[in-house]
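Reading through the structure tokens given below for one structure.
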Amino acid sequence: MRRAVALAVLLSVATLGAALVGGPAPVGAQAPATITVGLLGPFPFYWASYVAADQGLFKAQGLNVETTLFSRPSEAVQALVGGSVNFAQVSADAFINAIDAGGPISIVGQTISNPGFTVIVQPEIKSWSEVKDKKVGVSAPKDGAAVVFRMMAEANGLKEGDYAFIPVGITPNRYAALKSRAVDVAVLAPPFDFRAIDEGYRLLARSDTLLPRYSFIMVGTSTAWAKAHRDDVVKYLGALDRATEWLYDPANRTAAVDVLEKQMRKMGRPYLERIHKAYFEEASGRIVTRGARVDMEGLRIYGQKMKDLGILRGAVDPGRWTDLSYR
């Protein structure tokens, strides 16, 4: 009898030990929520996302973030509408066009205000007038880079039809198309514009000289999914907010470049350091949005330009495109 009792006690202790070591989580503890995010990239526009992952800010919010890369903004938004990703971070026009077509999605945050795009041309092109009848490399004729180029071209005396858009993909693809002479003009962002200029290609203009207020890279999600996962939306935006503030802290400059270098090692560290200077010193507050907050006036300006250019068919209505309740 005593041996039976002793055996029972030993089994109980062993069971308790197994539970403590590898058994169920304590009451109240929750496993991280897994969310999927569509990005283009690797690209400096997603610096805050890279920091949030690298510095454990997503994890601190109880999130396990999985990333899917797309080659065009419209593809990322299609994946969002189709439910294969929970969030997408792409240019505002892709969200606006999808919502205008009845897509059940909403813009809930913003990470990039002015894109800081540059118009880079072949060395023999010396002025905007010489861009006439030339081929312009963009993601797609109705994507963000094309919208920005139209605005810049119009300000310099060119109208729709004076040039031809060539859809080649995101900035690295546009840089490659310029190098191969598949296009005469490319709309680029750092660090590819820095590199192209160093290689002898000519800079015609920068978007931040023409667009003092703008809303470019937005955070979008499915309206139905967001309602069912409100806490996850709030936590995701909170992590991006914390990552942005970390980036703006001068004490984190070297570490910030380290994070970007992990994503864009082939570009070379000197170029990445130039991006940090451009984003967080020279254009502080104008490119990288603080707080993940949507600039409704900047979004209205973007939408109005789309309307003026005939890209947007519906009304210019930022309130219809956004859901700010998660902030």
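Rounded to the nearest 5, the antiparallel percentage of DSSP beta bridges internal to the chain is 55%. Taking the longest Cα principal axis of the chain as reference, the axis of helix 296-308 is set at about 50 degrees. Shape verdict for segment 118-209, please, from the Cα gyration tensor: rounded (a/c under 1.5), prolate (a/b greater than b/c) or oblate. Judged from the Cα gyration tensor, segment 118-209 comes out rounded (a/c under 1.5). Working note: Karplus 6.51/-1.76/1.60 with θ = phi - 60° gives segment 198-204 the couplings 5, 8, x, 6, 9, 8, 8 Hz, where Gly and Pro are set to x. Quick check on my link table: of Lys59/Lys142; Lys126/Lys305; Lys132/Lys307; Lys59/Lys262, which ones sit more than 25 Å apart, alpha carbon to alpha carbon? In this structure, Lys59/Lys142; Lys126/Lys305 exceed 25 Å between Cα atoms. When only alpha carbons are used to place a centre, segment 129-168 and segment 76-90 end up 27 Å from one another. Between the labelled values (i) 22.3; (ii) 21.3; (iii) 20.0, the entry that holds Kirkwood radius over Cα pairs in Å as derived from this structure is (ii). Is the shape of segment 284-323 best called rounded, prolate or oblate, per the rule: a/c under 1.5 gives rounded, else a/b larger than b/c gives prolate, else oblate, with a ≥ b ≥ c the square roots of the Cα gyration tensor eigenvalues? Oblate shape, in that a/c is at least 1.5 and b/c is the bigger or equal ratio.
Partners of Lys266 within straight-line reach, counting lysines whose Cα lies under 20 Å from its Cα and excluding those fewer than 8 residues away in the same chain: Lys179, Lys277.
The distance separating the Cα centre of segment 198-222 from that of segment 253-327 comes to 9 Å. The aspartates and glutamates whose alpha-carbon is closer than 13 Å to the alpha-carbon of Lys235, local same-chain residues fewer than 8 away aside, do not include any residue.
Bear in mind that the values in this text are calculations on the coordinates, not laboratory data. These numbers come from a predicted model, not from an experiment.
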